[in-house]
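What follows is one structure encoded as structure tokens, with my remarks underneath.
Read-outs: derived from the displayed coordinates by stated rules, not from any lab. Since we're looking at a predicted model, the values are computed, not measured. Cβ placement follows ideal geometry from the backbone for every residue including glycine, while neighbour counts extend to all protein chains displayed.
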Amino acid sequence: MIKFFLPLTFLIVLLSCTNTEKPLSNDLVKANWQETLPGIWKTVINKGETYNFIDQAPVAPKVEAIKKLGNSGFPLDKSSIEIKVINGKTYISLPLKKEEQIYGLGLNFKSLDQVGKVKRLHVDHYNHRDDGRTHAPVPFYVSSLGYGVFINSAQYIDVYVGTGVKKDNPDAPKPRDRNTDPNWESNPYSNAVEILIPSDKAEILVFEGETPMKVVQRFNLFFGGGVIPPKWGLGFWQRTPTLYNNKEVMKEISDFKEKNFPLDVIGLEPGWHSKSYPCTFEWDAERFPNPSQFINQVDNESVKLNLWCNPYVSPSSSMYDKLMPLSGSHKVWGGIVPDLNMEEARNIYGDHIMKNQISLGISGFKVDEVDGFDYWLWPDVATFPSGVSAEQTRQTYGLKFMDMVTDLYRKQNTRTYGLARANNAGGVAMPYALYNDQYAHQDFIAGLANSGFNGVLWEPEVRESDSAEEWLRRMQTSCLSPMAMINAWGSGTKPWSFPEVYEACQEIAYLRMQLLPYLYSSFSRYYFEGIPPFRAMALEDSYNSERKLIKKELDHTDNPYQQALLKENLTQYMMGDNIMVAPMFTGMKEREVILPKGRWFNFYTGSFMGDGEVITVAPPVNQIPLFVRDGGIIPMIPPIRQTSEWKEGTPLTLRVYGNAPAEFILYDDDGKSYDFEKGKYTTKLLKADKGVGQIKDLQNNSSWTYGEIHWEFMTKTNVPIK
């Protein structure tokens, strides 16, 4: 793991925040808010919890980047914040204004605005309810008013978002007779977000921002900033059926080449282990008799290998006996749970993985079943030799495993990119995308939008479909996400499983490959500035988060999800700064799209689509609706099948949309090492105005990837400003 050293003055400020006055009468605690970094305030109750997300975070804050965001003062009325410690538990009440919207509080799949909801933030497998049990229950929320609140606790936290009305609330709604008053409400307005921490120790951080986006940036940068995946990680992924052997994998790679479909990564599912559920992390001798030779064969095809695992160690593994005394009191599927809070356990585990997989050339891992269900994982009565509770271990185990593996790749200066079923606060710097076993397409898109509030990446994988139309719609959204992937572990599906839409699937996969410079530059902003590459429309400054789009009356009792789709805009998201995605779902011939304020243009044609209005689009089946903001520049390369073709001298086309002056910072580096963290990267400022484009070097510390550069002005006529 790379160690970071903070300036002495910053450490002194942090230390100064460890004291909060003792409880006053009526168990009230007087908060001592201190600004630890520009725009970030902290108060600590009873010295805080000894095991928490900040102390366990793998990367330190990007202090200089945080400073650039500025600071306009503490964003809340301190007198309206109430903290109590009663019977060993901490009660926190924070103000909530009418019409204020609250985002975040974990990776949600049914809603963006969390007002009116009760949540227990608890790492678990998502089960069709936004109740806080989710793969990334990050205890952080973002207000539409431009501030954020983070609870630095790895406990299961209860959050009541405007659901309880205090009797001393001066703004309490009037009692109404349900039988006679049509204005009666089942969930009347409450003026507070109330939080219960099962400990008499707590730490609360408040993040300031002029906009919700700046709040999210500050939060991401506080935990070290986002990731820049290796270039191959942004190519197309195919996960093979469970019991595939080396010959079948090579045949799969050959088929992709013959069918002329992009392929950069092959994922091997449980069958590569000699035993799995629990796992040995050792190769099956029959299916993979010579792992090193096999990996070299795959590498010769310019394809990377990613390995499925769950972290529970089989008695058949050679590291089992060494890890036995360093594991928890309970097993999972007969395997031990190594205590990754212990350096000795982490070293034994990591050395085994390095020797048997990474040193042979494996590019990364898919970490399964680190989330739930309760009857799978260790119970909360389990104990671990580190002394960390079972509850806290569950809240951080996915994060700990990702950190252990990422550290192994860092030691050889090689980037990795993988998948995980659990993440949490501090995981923004981990090169992993989240996924789950549920398969609702609209939920997947809602998760993609929600991920931007929580410092995580979400991957809407494709597995199987009931129709060719559904297959294509899923392929389109997966190819416009953090990771384009088919997960065929159980179905054996291929991109050509529905021949009637194969050309359209091929088309969207190649469009993703063309957009690689744009995607890569977007991820660079995630790393340097904390701006999520995929995010909800509510994080756009020009988007009116208070808008309620309901063009017809809906029965919210019969169809609450449909109402949420319309009210909260769960089916649109931003990909980078300039492209808005509005997916089509099975059965749709047309759809409504909410255009934020400002002129927007059709990605495919450059034609004007609208400005701050609701439009209806009916695209051809082979197109997913894409919109580019006025002054948007989209750098694109020619269609390539593999990222190995994206190299020095690759031609580049710079598409310019609209008539407004345009700017874009194009980022590039070697695509595989961590040398960019030492400044070895290239950035160019692209500017266009009135049909003339200019390119200016900002930093040129690595080999420049692109050769001939061509400007393409997509909007041919001026669009009058309203």
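When the dipole is taken about the Cα centre of the chain, and only Lys, Arg (+1) and Asp, Glu (-1) are charged at their Cβ, what size is it in debye, to the nearest 20? Spell out each step's value before the answer.
Values: 76 positive and 86 negative charges, 201 e Å.
In debye, rounded to 20, the chain gives about 960.
Using the Cα centre of the chain as origin and beta-carbon charges of +1 (Lys, Arg) and -1 (Asp, Glu), tell me which of Thr383, Ser254, Phe713 is placed farthest towards the positive end of the dipole.
Phe713
If you restrict to DSSP beta bridges whose two residues both lie in the range 633-713, what percentage is antiparallel, to the nearest 5? Don't skip to the end; give the middle numbers.
Working: 19 of 25 bridges.
Approximately 75 percent, going by the DSSP bridge assignments.
Suppose each label sits 7 Å from its Cα in the direction of the beta carbon; what would the Ala440-Glu645 distance come out to in nanometres?
3.9
Taking the beta-carbon count within 10 Å as an exposure proxy, list Lys89, Lys322 from fewest neighbours to most. Walk me through the numbers before you get to the answer.
Numbers: Lys89 14, Lys322 18.
Final ranking by Cβ density, sparse to dense: Lys89, Lys322.
For Leu698 paired with Lys251, estimate the spin-label separation in nm (one decimal), with each label point 7 Å from Cα along the Cα-to-Cβ line.
4.9
Based on other C-beta atoms within 10 Å, arrange Glu529, Glu459 from fewest to most.
Working: Glu529 16, Glu459 24.
Ascending Cβ contact count within 10 Å gives the list Glu529, Glu459.
Which pairs, out of Lys62/Lys110; Lys97/Lys214; Lys89/Lys166; Lys166/Lys597; Lys67/Lys597; Lys231/Lys257, put more than 26 Å between their alpha-carbon atoms? Display every interim value, and only then the final one.
Values: Lys62/Lys110 32 Å; Lys97/Lys214 20 Å; Lys89/Lys166 19 Å; Lys166/Lys597 38 Å; Lys67/Lys597 29 Å; Lys231/Lys257 19 Å.
Correct reply: Lys62/Lys110; Lys166/Lys597; Lys67/Lys597.
Antiparallel DSSP bridges in the chain: what percent, to the nearest 5?
Details: 83 of 114 bridges.
Antiparallel bridges: around 75 percent, rounded to the nearest 5.
How much FRET efficiency would the formula 1/(1 + (r/R0)^6) give for Lys411 and Ile709, where r is the Cβ-Cβ distance and R0 is 45 Å, rounded to 0.05?
Numbers: r = 37 Å, r/R0 = 0.83.
With a Förster radius of 45 Å, E is 0.75.
Between Lys84 and Ile615, what FRET efficiency comes out of the Förster formula 1/(1 + (r/R0)^6) with R0 = 35 Å and r the beta carbon distance, rounded to 0.05?
Details: r = 50 Å, r/R0 = 1.42.
Efficiency, from the Cβ-Cβ distance: 0.10.
Give me the distance in nm between label points sitting 7 Å out from Cα along the Cα-to-Cβ direction at Asn71 and Thr717, one decimal.
In this crude spin-label approximation the distance works out to 5.2 nm.
Any chance you could count the Lys pairs in the range 633-713 whose alpha carbons are under 18 Å apart, treating pairs 8 or more apart or on different chains as valid? Spell out each step's value before the answer.
Working: Lys647/Lys672; Lys647/Lys680; Lys647/Lys684; Lys672/Lys680; Lys680/Lys696; Lys684/Lys696; Lys687/Lys696.
Lysine pairs meeting both conditions in the range 633-713 amount to 7.
So how much slack lies between Asp200 and Thr180, counting 0.36 nm per residue of separation and subtracting their Cα-Cα distance, in nm?
Numbers: separation 20, 0.36 × 20 = 7.20 nm, distance 4.54 nm.
The span from Asp200 to Thr180 would gain 2.7 nm if fully extended.
Taking just the C-alpha trace of the chain, give me its Rg and Dmax in Å.
25.3, 78
Based solely on its DSSP helices, what 222 nm [θ] is calculated for the chain when runs of n ≥ 4 H residues each add -39,500 (n - 2.57) and the sum is averaged over all residues, nearest 500 deg cm²/dmol?
Values: 14 runs with 151 residues, N = 722.
Calculated at 222 nm, the ellipticity per residue is -6500 deg cm²/dmol.
Hey, if you put +1 on the Cβ of every Lys and Arg and -1 on every Asp and Glu Cβ in the chain, which of Leu112, Val85, Trp333 ends up farthest toward the positive end of that dipole?
Going by the Cα projections, it comes out as Val85.
Any lysines with Cα under 29 Å of the Lys322 Cα? List them, leaving off those in the same chain fewer than 8 positions away.
By straight Cα distance, Lys322 reaches Lys3, Lys275, Lys331, Lys355, Lys366, Lys400, Lys411.
For the chain, with the dipole built from +1 on Lys and Arg beta-carbon atoms and -1 on Asp and Glu ones, taken about the Cα centre, which of Trp496, Thr586, Ile195 lies farthest toward the positive end?
Ile195
Distance between the C-alpha centers of the range 668-722 and the range 496-542? Whole Å please.
Distance between centres, Cα-based: 17 Å.
Once you have the Cα-Cα distance between Glu500 and Lys589, take 0.36 nm times their residue separation minus that, and quote the gain in nm to one decimal. It would help to have the intermediate numbers written out before the result.
Numbers: separation 89, 0.36 × 89 = 32.04 nm, distance 1.77 nm.
Fully extending the segment from Glu500 to Lys589 adds 30.3 nm.
Only Cα pairs under 8 Å and at least 6 apart count here; give the relative contact order of the range 8-222 as a rounded whole percent.
Details: 478 pairs, mean separation 53.7, N = 215.
Relative contact order of the range 8-222: 25 percent.
In whole Å, what is the distance between the alpha-carbon centres of the range 75-154 and the range 349-374?
When both Cα centres are located, 32 Å separates them.
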